[in-house]
Every structure is written in structure tokens, then in C-alpha cells.
Amino acid sequence: MIIKRDKDKKEILGVLCSGRGTNLESIIKAVKDGGINAEIAVVVADKKDAFALKRAENAGIKAVCVDYKSFSQREDFENAIMEELKKCGVTLIILAGFMRILGKNFVREYSGRMMNIHPALLPSFVGAHAHRDALSYGVKVSGCTVHFVDEGMDTGPIIVQSAVPVKDDDTEETLAARILEEEHKIYPKAIKLYCDGRLKIDGRKVEILDE
Ligand code: GRF
């Protein structure tokens, strides 16, 4: 499936975050610089104190907190997020350090229209401790992956990856910092490919079409 047919139509992005939002910042910058045919309509965080909300406000982007703690059912929390995204006409969801697993209904609704970034070379080291797991496994190379979101954890079709060396004296922090530099390059790149209509999903494979 080619996931976007009308190349001239601007994508409306909704970015979901839980924390500091450095990936959000790199996407804000790339959209502002004009390289991506999209606008960021809304940033949604699941915690009031997520610094990503401040970054959105500073950039003049609508910032909404849908506080996870105020919902007793996950489905209600997800419906509240979906409502915010729909209100803003979001066409592509960007998970940027969003630390919640989204349920089947949500994922199905946005199938082929939701991306995530993971700080390891998938399918290695899925989950919340990718750097720690890469270090304790002893790999010599790690990196980051942008992928479409499916119903599994970090299992969706891979769009772009970038490899980073692992050094003998790396700590979780130094490895994370080296990988983060690459994240800030490949996430805007993957979003641009989508917005330019250059991605085709064929089962697990994502083909990057020529310009
Ligand atoms: C990044 O390492 C990303 O790969 C992971 O969560 C972290 C978010 O960092 N999913 P930031 O909030 O974008 O700075």
C-alpha cells in the first residue's frame, strides 16, 4: 500500500510525548525550516510536567495534557487523546518518547499513519531499556529505528535506521547521547519521506520510492 497519494496535500501532525521532547524539537525545527510539507497541529503529553509541552508552547503550537492519572480505564485515556487529535484534524501521528503502549483500537484507527522512534536497531532490544540491554548484551553497534506502529511492542514495519558504534567505556548515558544525535536526524527524514508520498508498505517491508 502506498500510504499517501496526494503529494501536494499538507499532512497535519499530532506529536505524542511523555518527557523532555528533544525529538519533538528536531521535528519542530525541520517543519519550520520548510523541508517538510506538514504542520504540527498539536502536541499531546500524558503528564503535566512533560517538558515537551513547554517546547510546544514556545514554538506557538497547541499543547495539551491528557493526564494518564485522571483515567481509571486505559481505553478512556486513549479515547481522550484521539478526541484531541481528531479536533485538530491530525492525519499523521508521531510518537516521540511517548511511554505508553497504545491499545488495538487506537492502533487500528491510525494504521499506516502512526510512527515511533526507538533507540536501538530493531528487532533488537525492544522495550523501555534499550540502551541498558544493548550494553549488557555486548553489541558493538547499536542505533535507532523509525517504524510504523502496529499492535506489538516496537514491532511495526521499519522505515529508517541509523547505526552507531558502541564503545568499550560507554555508559547508558553516553550511548544514549550518541544515539540521540542520530534520532534527531532520522525522525525528520522519515516524516519527510511520508509527507512526500515516498513510502510504500508491503507487509513488513517499507519501500522508499524514488522522487
Ligand atoms: C528517545 O530516546 C526515543 O528514542 C525514545 O524515547 C526517547 C525520547 O527522548 N522512544 P525525547 O523526549 O525525544 O528527548
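The values are calculated or read from the model by the stated rules, or taken from the named source; none is laboratory data. Remember, predicted model here, so these are calculated numbers, not experimental data. Counting neighbours? That spans all protein chains shown, and the Cβs are built from the backbone with ideal geometry, glycine included. Only protein heavy atoms, including side chains, enter the accessible area calculation; ligands, DNA and RNA are left aside. Shrake-Rupley method; radii C 1.70, N 1.55, O 1.52, S 1.80 Å.
Summary table
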{"item": "Test item: Cα-centred dipole of the chain, Lys/Arg +1 and Asp/Glu -1 on Cβ, debye", "result": "420"}
{"item": "Value of Rg/Rh across the chain [Cα atoms, Kirkwood radius]", "result": "0.95"}
{"item": "Unit charges at the beta carbon, dipole of the chain: most positive-side option, 58, 73, 175", "result": "58"}
{"item": "Percent of beta bridges antiparallel (DSSP, region 41-167, rounded to nearest 5)", "result": "60"}
{"item": "Exceeding the 24 Å Cα-Cα cut-off - candidates 29/189; 10/69; 29/205; 29/192; 10/104", "result": "10/69; 29/205; 10/104"}
{"item": "Relative pair counts by distance (%), Cα atoms of region 54-96, 10 Å bins", "result": "24, 51, 24, 1"}
{"item": "Added length on full extension, which subtracts the Cα-Cα distance from 0.36 nm per residue, residue 174 to residue 205", "result": "8.0 nm"}
{"item": "Three-way shape call for region 8-93 based on the alpha-carbon gyration tensor, with the a/c threshold at 1.5", "result": "oblate"}
{"item": "Label-point gap, in nm, between residue 39 and residue 79 - each point 7 angstrom along Cα→Cβ", "result": "3.0"}
{"item": "Whole-percent carbon and sulfur share, accessible surface of the chain, 1.4 Å", "result": "49"}
